[in-house]
1. Look at Arg236 and say whether it is more than 30 Å from Gln71 (Cβ to Cβ) and charged (D, E, K, R).
2. Within the bounds of segment 149-167, is there any residue that is outside any helix (DSSP H, G or I), within 30 Å of Thr411 (Cα to Cα), of a type outside the set (Phe, Trp, Tyr) and open to solvent by 50 Å² or more (accessible area, probe 1.4 Å)?
3. Quick check on Val162: is it over 29 Å from Ser374 (Cβ atoms) and β-branched (Val, Ile, Thr)?
4. Could you check segment 237-259 and list, in sequence order, the residues that are surrounded by 15 or more Cβ atoms within 10 Å (Cβ to Cβ) and either closer than 13 Å to Glu120 by Cβ or touching a Leu at 6+ places or on another chain (Cβ under 6 Å) (or both)?
5. Across segment 448-485, what is the number of residues that are of a type in the set (S, T, N, Q) and touching a helix residue (DSSP H, G or I) at 6+ places or on another chain (Cβ under 6 Å)?
6. Taking segment 217-250, which residues are over 30 Å from Phe58 (Cα atoms) and either under 18 Å from the mean Cα position of the chain (by Cα) or among the basic types (Lys, Arg) (or both)?
7. Restricting the search to segment 371-386, which residues are open to solvent by 10 Å² or more (accessible area, probe 1.4 Å) and either within 9 Å of the ligand (Cβ to nearest atom) or not charged (D, E, K, R) (or both)?
8. With Pro474, Pro497, Pro432 as the choices, which residue is modelled with pLDDT of 95 or more and under 17 Å from Asp368 (Cα atoms)?
Amino acid sequence: MTSVVDVAVDQNGNTTRMIFYPLVLLASAVWMYHRWQQQSRMSRMGNLLPGPTVLPLFGNALLALFKKPEQFIKLGFEYADKYGYVVRGWLGSKLIIFLANPEDVEVILNSQVHIDKASEYRYFEPWLGEGLLISSGAKWRSHRKMIAPTFHINILKSFVDVFNQNSKSVVEKMRSEIGKTFDVHDHMSGVTVDILLETAMGITKKTQDQSSFDYAMAVMKMCDIIHQRHYKFWLRLDSIFKFHPLHKTQQKLLDIIHGLTNKVIKQKKKIYQENKAKGIIPPSLQELTDGKALNNDTVLANNAKTLSDTVFKGYRDDLDFNDENDVGEKKRLAFLDLMIESAQNGTNQISDHEIKEEVDTIMFEGHDTTAAGSSFVLCMLGLHQDVQTRVYDELYQIFGDSDRPATFNDTLQMKYLERVILETLRMYPPVPIIARQLKKDAQIVTNNYVLPAGATIVIATYGIHRHPQHYKDPDTFNPDNFLPENMANRHYYSYIPFSAGPRSCVGRKYALLKLKILLSTILRNYKTISDVPEEEFQLKGDIILKRSDGFRIRIEPRVRVPSNAA
Ligand code: HEM
């Protein structure tokens, strides 16, 4: 007969078996998985690199858990101090290698092989499809070849009027902020989208309607959703994101964005065909860039180079080769017009769908980056009044007290402002990291380490730009860092705000020209003052570097006299 005690023992035994054995099984599975990970090729090679202790299953993922974007930058510097400028981390079985040594970075960025983007870029896919930013292989190569010439300096010069008109209009909008503390990023974001609508899609102020306003808003909100997917861990998983309210919002925003891009492409194609039937054919890209369609207005000498041309000459990319026939200003065509034209005249094989992807890509890349860059410049000048005075004096020398718009030639004279822009992009690079996926092993310079195929490489631009070996006092704002004598012995890859090599930013020259016109127009009209010291900037290091505390400044109307006369 079974006693009460026997039953209790039996039940306990059952419970133990039910809990204990599955636990042992789970632990063994985790251990075997860990051993398998350890022995795999990537693991063996990855674990030869310095980095924090690895936990079974999680790797180093727990170190990033519940960290806010603003904490990542600090963490990065702590690890660089502890492990040096090559640090590995494991996100589960995913190997991530952080590089902050210019020689190592050059190996990756200057290569024609390591050009594939990391899987994190996939959040852009529903919006940008296979546009230039995320595509790879043959598609990327042929589109890059087609798009780089549309950023030829001659095309950019034709945008000077658009930059001026929109800069003037943001100056007017900012008038209502006089005497207040406000977030200047809101204004910079708005004006950047307006300029892009015109230069990328040919939607002028006159032709702007409700749909272009909705589009501008949707572009800004989409950027925000993508940011959130990067730093909110759970939203990274498509299976969770699909059920999140943000997914629905994203769908609506994409309908607006793609709706307008499709509509404009259709209209432009129709107009092109109607014009063609009437014998009106716009100048081809070739004609625009080689000077055949010249209006004969401002003819510039080939040696009219800017400081940036010198700064970036170390990694000459297709943008430099494009400009060899620099001849002058001419008829304005938006990037979209140029793409339609070259598709229609048979120069390039590109479908309407692909054109849409590229226009959307330019709208994204050209918007958030320059909005952040210009906002940081205005904050830094607000903090460094002596530097702002020098910038203003330079502008006064060029423009006196006149209100005339800037010409392309004027921008060549803005040498100190250019140094200020470059220095700001050094300290606050709008794209603080770049990520690549290695398809083949890569040997770097540091300790001749071999980085295994399959690893994700994160290039820590922010860290490189604050490397004491390359910048004497890296945390001090000093535009003289870009004086020729101070640049002479610096490694080219120690300054990469626009990335470098074959996948460098195609919009670099566009961005610098636009920044000069926009910022000079604002500074000719206002003095900026910033009350928040740099130590209190709350940096948010996700895709685009921003301040989570807002880019708060005050402005005062400018009395147009040089500083020594004030
Ligand atoms: C201050 C402003 C800007 C900065 C700091 C910047 C920075 C960058 C960086 C770092 C990359 C490489 C990204 C990567 O490899 O993940 C990039 C790529 C790109 N940028 Fe910019 N950018 C700026 C403005 C612009 C503008 C104004 C445009 C267009 C109007 C533009 C268009 C592009 C495109 C299309 C790519 C992809 C190029 C390729 O992969 O071949 N960018 N940019």
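1. In short, no.
2. Taking every residue of segment 149-167 in turn, none turns out to be outside any helix (DSSP H, G or I), within 30 Å of Thr411 (Cα to Cα), of a type outside the set (Phe, Trp, Tyr) and open to solvent by 50 Å² or more (accessible area, probe 1.4 Å).
3. So Val162 fails the test.
4. Listed by number, the list holds a single entry, Phe241.
5. Total meeting the criteria: 1.
6. Across segment 217-250, the qualifying residues are Val219, Met220, Lys221, Met222, Lys248.
7. The answer is Leu383, His384, Gln385.
8. Values: Pro474 fails: under 17 Å from Asp368 (Cα atoms); Pro432 fails: modelled with pLDDT of 95 or more.
The unique qualifying residue is Pro497.
The values are calculated or read from the model by the stated rules, or taken from the named source; none is laboratory data. Computed from a prediction, not measured in an experiment: that's the story for all the values here. Quick reminder, even Gly has a Cβ in these numbers, built from the backbone with ideal geometry, and neighbours come from all protein chains shown. These accessible areas exclude ligands, DNA and RNA; they are computed on the full protein's heavy atoms, side chains included. Shrake-Rupley method; radii C 1.70, N 1.55, O 1.52, S 1.80 Å.
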